[in-house]
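These notes concern the structure reproduced below.
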Amino acid sequence: MWNLRILIYTGKGGVGKTSVSVATAMKCADRGMRTIVMSTDSAHSLSDSTEVTIGNTITKIAPNLDGLEIDILKELEDNWNEIRTYIFSFFASQGMDEISAKEMAIFPGMEFIAALFYLDRFNRNDEYDIVVIDTAPTADTLRLLSFPDVADWYFQRFYGVLKSFVKVARATVGHVLSFPLPTNEAMKEFEKFNMRIRDVRDLLINPEITSVRLVTNPEKMVINETMRAYTYLSLYNLTVEALVVNRVYDKNAKNADPKKLREQDVYLRMIDEIFEPLKKFYAHQYTLEVVGSDATRRLADELFGNTDPSAIYSKENPMKITSKGGTTTIRLKVPFATTDQLELYTKRDAIIVDVGQYRRTIALPLGLYGRSVSSAEISNGVLAIRFKEELYATKKGKRTARGTKEGDS
Ligand SMILES: Nc1ncnc2c1ncn2[C@@H]1O[C@H](COP(=O)(O)OP(=O)(O)OP(=O)(O)O)[C@@H](O)[C@H]1O
Ligand SMILES: [Mg+2]
């Protein structure tokens, strides 16, 4: 049984992510859950939405409800000095100019670590029951959510190389390396970093804890982006659990535009068909902005009524690995993607899947190291990657015998 629930709202710019995040958090708090609403968008708007000044420290908004607008640069300075200093001096010692070396020390997506490590902290300290995350528009959020995968891969290799250098260099008296060795503190920080990144990834891909909810509007362009986001989130192993359809025009409004309503009906039906069987929450387009606690509670009531906004509507994990006989298959939900958008690269210990402009590195379980892929195809929104049967499993005796012979000679 898990205590923490993480609800991540994401979607295209302006669809209502911040309003829906605050509404969800407020209702959770009203129902007695210890709640925090946290924004990872550098253009923060939690303060505007709640009419409470929230900064880069945890701020009380209402009973049971805190807010936090993460200042990514400040968090980096506070927490990652040791590692940054080392990576910088490493590249500088390789003859790189100072400015480029400084840039290298912030690797892609590193600015998101701060946001992710708050989750780790909240989980460890049992500070909250609910964390609602209001995110930046889709592209940035996908980078944030794919970060643990990328960082784990990157750091494992970088750290592995460093560790063997340190071992050799410390044992070789008089041997001078062309770059500075990391201090023990830096090595410890690397190790700690790696472990925490893995913990965060475990939180994010656990559907009992983390749900991603896509916010959309009944409009063509918005629906298109929502579909793309769904594909990429599944590719990163996140559970898209529900859809929030915001800004639905009221049919009974006095000056409702009949043409607009007809158009909207088409899009609402489209949303129904495309996102079946996802749970959907609906909210109307209001005449006024959703600002302050009254308007926000009204939005929350429309979305959730008397139900628990943190209820889990789907626990299906988008990636599954199965083994039957000698054949192993990785199945990945990639809704709406087609085989012609797909590119696959294999490495010894990983498979790289490109769908359009997004990339997912799937670290392989040990048993699949070095195995070649026999087929990869997308059908009904599921990518199936099949691995060739392991040769030495059937010819094991023969191989071992020959290996021994060669080793003896
Ligand atoms: N259902 C609604 N009816 C009327 N106004 C709304 C509704 N939902 C959101 N708004 C208003 O629309 C504006 C944009 O909403 P919001 O800030 O929640 O969107 P966002 O997706 O967070 O935007 P951004 O991508 O810029 O972060 C705000 O002024 C908000 O008050
Ligand atoms: Mg916003």
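The values are calculated or read from the model by the stated rules, or taken from the named source; none is laboratory data. None of these values were measured; they are calculated from a predicted model. Reconstructed Cβ throughout: ideal geometry from the backbone, glycine too, with neighbour counts over all protein chains shown.
Looking only at residues in the range 30-46 that are under 17 Å from GLU69 (Cβ atoms) and modelled with pLDDT of 95 or more, which one is nearest to ligand 1 (Cβ to nearest atom)?
That would be VAL37.
In this structure, is LYS17 modelled with pLDDT of 95 or more, within 16 Å of ligand 1 (Cβ to nearest atom) and basic (Lys, Arg)?
Yes: the conditions hold for LYS17.
Here's a check for you: in the range 15-34, which residue that is surrounded by fewer than 24 Cβ atoms within 10 Å (Cβ to Cβ) and more than 19 Å from LYS280 (Cα to Cα) is farthest from ligand 2 (Cβ to nearest atom)?
So, considering only residues that are surrounded by fewer than 24 Cβ atoms within 10 Å (Cβ to Cβ) and more than 19 Å from LYS280 (Cα to Cα), the one farthest from ligand 2 (Cβ to nearest atom) is GLY32.
If you go through the range 282-290 one residue at a time, do you hit one that is in the same structural domain as THR210 (by TED's automatic domain parsing), within 24 Å of THR239 (Cβ to Cβ), surrounded by fewer than 19 Cβ atoms within 10 Å (Cβ to Cβ) and away from ligand 1 (no atom under 16 Å from the Cβ)?
No: the range 282-290 contains no residue that is in the same structural domain as THR210 (by TED's automatic domain parsing), within 24 Å of THR239 (Cβ to Cβ), surrounded by fewer than 19 Cβ atoms within 10 Å (Cβ to Cβ) and away from ligand 1 (no atom under 16 Å from the Cβ).
Residue under question is VAL355, and the condition is that it be modelled with pLDDT under 85 and either in contact with an Asp or Glu (Cβ under 7 Å, 6 or more places away or on another chain) or closer than 28 Å to ASN206 by Cα (or both); does it hold?
yes
Look at VAL245 and say whether it is in a strand (DSSP E or B) and either in contact with a Pro (Cβ under 8 Å, 6 or more places away or on another chain) or more than 27 Å from ARG298 (Cα to Cα) (or both).
yes
Residues of the range 291-316 being more than 10 Å from ligand 1 (Cβ to nearest atom), among the β-branched types (Val, Ile, Thr) and surrounded by 15 or more Cβ atoms within 10 Å (Cβ to Cβ), which ones?
ILE312, the sole residue that qualifies.
For the range 199-241, enumerate the residues that are surrounded by fewer than 20 Cβ atoms within 10 Å (Cβ to Cβ) and either under 13 Å from LEU278 (Cα atoms) or free of Cβ contacts under 8 Å to residues at least 24 places away in the same chain (or both).
ASP202, ASN224, MET227
May I ask you to say which residue of LEU119, LEU73 is out of contact with any Phe, Trp or Tyr (no Cβ under 9 Å at 6 or more places or on another chain), on the phi < 0 side of the Ramachandran plot, modelled with pLDDT under 70 and outside any strand (DSSP E or B)?
Within the list LEU119, LEU73, the selection yields LEU73.
Output the number of residues of the range 338-352 satisfying the condition of being surrounded by 12 or more Cβ atoms within 10 Å (Cβ to Cβ) and touching an Asp or Glu at 6+ places or on another chain (Cβ under 9 Å).
6
Here are ALA363, ALA337: which of them is more than 27 Å from PRO277 (Cα to Cα) and modelled with pLDDT under 90?
Selected residue: ALA363, the only one of ALA363, ALA337 that is more than 27 Å from PRO277 (Cα to Cα) and modelled with pLDDT under 90.
Go over the candidates GLU263, GLU241, GLU302, GLU273 one by one and state the one that is within 27 Å of ASN3 (Cβ to Cβ) and among the acidic types (Asp, Glu).
On inspection, the qualifying residue turns out to be GLU241.
Please go through the range 35-53 and give me each residue that is more than 9 Å from ligand 2 (Cβ to nearest atom), under 19 Å from the mean Cα position of the chain (by Cα) and not hydrophobic (A, V, I, L, M, F, W, C), ordered by number.
THR40, SER42
Tell me which strands (runs of 3 or more DSSP E) are completely within the range 262-344 and hold 3 or more residues being under 15 Å from ALA23 (Cβ atoms) and more than 16 Å from ligand 2 (Cβ to nearest atom), or say none if there are none.
279-284
Go through the residues of the range 22-29 one by one and say whether even a single one is more than 9 Å from ligand 1 (Cβ to nearest atom), among the basic types (Lys, Arg), farther than 12 Å from LEU214 by Cα and in contact with a strand residue (DSSP E or B) (Cβ under 8 Å, 6 or more places away or on another chain).
No, that holds for no residue.
Among the residues of the range 290-317, count how many are polar (S, T, N, Q) and in contact with a strand residue (DSSP E or B) (Cβ under 8 Å, 6 or more places away or on another chain).
Qualifying residue count for the region: 3.
Based on this model, can you work out whether ALA337 counts as hydrophobic (A, V, I, L, M, F, W, C) and either within 11 Å of ligand 1 (Cβ to nearest atom) or without any contact (Cβ under 8 Å) to a residue 12 or more places away in the chain (or both)?
No: the conditions fail for ALA337.
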